[in-house]
Amino acid sequence: MNTRPSTRTRISTTVDADRLARARATVGRPDSELIDLALAALLRSLDGAREREALLDAPYEDDPELAWNAPTGPDLPYDGAVPTDVQRLAAQRRARYDDR
């Protein structure tokens, strides 16, 4: 979730009672945090959908500046579990994304 201070806005709305009860029980956070988490998830989903749509509209392989024959490299040095340093890097990048 975004850790930067932000202006807060009061909202008033009607939502599905069962879904809200389930979210409250599952997450165990105040409603304001539930809404913040839901909005962040929605924005991530919409960003992903836009990226997928952009790739379908203009695939990398159709762009002469992006499409090239990459030299064959060595096989990955591991087979199985993702190394800890790769997991740490992915977590850092996700955190940067969530701070947007």
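Just so you know, all these numbers are worked out from the coordinates, no wet-lab data involved. Not measured: the values here are computed from a predicted model. Cβ sites come from the backbone with ideal geometry, for glycine too, and all protein chains shown count toward neighbours.
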Can you tell which of Ala23, Ala38, Val86 lies farthest toward the positive end of the dipole of the chain, using +1 and -1 charges on the Cβ of basic and acidic side chains (Lys, Arg; Asp, Glu)?
Ala23
About the Cα centre, and with charges only on the beta carbon of Lys, Arg (+1) and Asp, Glu (-1), how big is the dipole of the chain? Nearest 20 debye, please.
900 debye
Can you tell me how segment 51-100 classifies by the Cα gyration tensor, rounded, prolate or oblate, using a/c under 1.5 as the rounded cut?
oblate
Pairs of alpha-carbon atoms within less than 8 angstrom and 6+ residues apart define the contacts here; what relative contact order does the chain have, in percent?
48 percent
Using the Cα gyration tensor of the chain, with a ≥ b ≥ c the square roots of its eigenvalues, what is the shape: rounded (a/c below 1.5), prolate (a/b larger than b/c) or oblate (neither)?
prolate
Here, Leu20 and Asn69, labelled 7 Å along Cα→Cβ, have an inter-label distance in nm of 6.1 nm
